[in-house]
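The structure appears below as structure tokens.
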Amino acid sequence: MSAQAYLIDTELDADDVLLQPLQISHRDALLAAEADGKLSELWYTSIPNASSIDSYLESALLDKQQGRALPFVVVDKHSGKLIGATRYCNADGVNRRLEIGHTWYAKRYQRSAVNTQCKLLLLGYAFEQLNSIAVEFRTHWHNHASRNAIARLGAKQDGVLRNHSVDAQGNYRDTVVFSITNQEWPTVKHSLQYKLARYNKL
């Protein structure tokens, strides 16, 4: 299967969030979401700000055009506001593997049910519609909040890629790799649904 055939434009819908395909027209709303918490100031992430938003959009949409990625914006269904972004990336259609990454949310939506709903949507579509055999998550060694959040999803750590990349300041990045396999998905799905049910009771 080619990469282009593997990833098909789609919209994913849950109780509180809607994942819509990223568009150039989302530029200003993305900047407004980033401003809630000044997220681009976190040195170990790559969240866009006014100086990087255009290259961020160009890169994401180019990867989509070439079949390597399917970027989404995250919309709060109750307010209609764009509150973050996420994407399928590093897609391998031949081996039916992909990564969920480039995920961030406005500060007020962090530590809420939003991430659990988004991951349930993305993982469900990856395993149940795209018939993926594994889904990866990657994060910076120093992004402990992200590492803990990925582990809470039920993903297992595969390893650490030492000196995996170099950032804009010339610093080396060690990348921590996690994954969920198709055999593990039913249990992970049950766990995420359980967590959402508990959120709803709060």
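So which GluC sites (Glu not before Pro) in region 1-66 are both in a DSSP loop and have at most 16 other Cβ atoms within 10 Å of their Cβ?
Glu11
Compute the length gained on full extension between Trp141 and Asp167: take 0.36 nm times their separation in residues and subtract their Cα-Cα distance, giving the result in nm to one decimal. Numbers along the way, then the final one.
Values: separation 26, 0.36 × 26 = 9.36 nm, distance 1.32 nm.
Going from the current span to full extension adds 8.0 nm.
Normalise the Debye intensity by I(0) for region 81-144, one equal point scatterer per Cα, no solvent, then take log10 at q = 0.21, 0.24 Å⁻¹ and round to two decimals. Ignoring solvent entirely, the Cα scatterers give -0.91, -1.08.
Take 140-146, 104-110, 115-121 and order them by the average number of nearby Cβ atoms within 10 Å per residue, most first; the result is 115-121, 104-110, 140-146.
Counting only lysines at least 8 places from Lys77 when in the same chain, those with an alpha carbon closer than 21 Å to its own are Lys107, Lys119, Lys195, Lys201.
Modelled spin labels at Gln129 and Ala32, positioned 7 Å past Cα toward Cβ, are 2.6 nm from each other.
Between region 94-126 and region 14-55, what is the C-alpha centre distance in whole Å? With region 94-126 and region 14-55 each reduced to a Cα centre, they are spaced 15 Å.
Given R0 = 25 Å, the distance between the Cβ atoms of Asn148 and Ser79 translates into a calculated FRET efficiency of 0.35.
Taking a Cβ cut-off of under 15 Å around Ala155, the surrounding Lys, Arg, Asp and Glu residues balance to a net charge of +4, with basic ones at +1 and acidic ones at -1. Between Arg111 and Leu42, the simple label model (points 7 Å from Cα in the Cβ direction) yields a spacing of 1.3 nm.
Label-to-label distance for Tyr199 and Thr175 is 2.7 nm, based on points extended 7 Å past Cα in the beta-carbon direction.
Near Ser179, once Lys and Arg are set to +1 and Asp and Glu to -1 for all other residues with Cβ below 10 Å from its Cβ, the sum equals -1.
Hey, what number do you get for the chain at 222 nm if only DSSP H runs of n ≥ 4 count, each worth -39500 (n - 2.57), divided across all residues, to the nearest 500? List each step's numbers first, then the result.
Values: 6 runs with 68 residues, N = 202.
Calculated from helices alone, the mean residue ellipticity at 222 nm is -10500 deg cm²/dmol.
Distant-in-sequence amide contacts of Lys81, defined by a placed amide H-H separation under 5 Å and a gap of 5 or more residues or a different chain, comprise Asp76.
Fewest neighbouring Cβ atoms within 10 Å first, the residues Ile53, Ile83, Ile8 line up as Ile8, Ile53, Ile83.
On full extension, the segment bounded by Ile24 and Gln183 gains 53.5 nm, given 0.36 nm per residue less the C-alpha separation.
Read the figures in this text as sums done on the coordinates, not as results from a lab. Fair warning: this is a prediction, and the values are worked out from it, not measured in the lab. In this analysis, Cβ positions are derived from the backbone assuming ideal geometry, glycine residues included, and neighbour counts consider all displayed protein chains.
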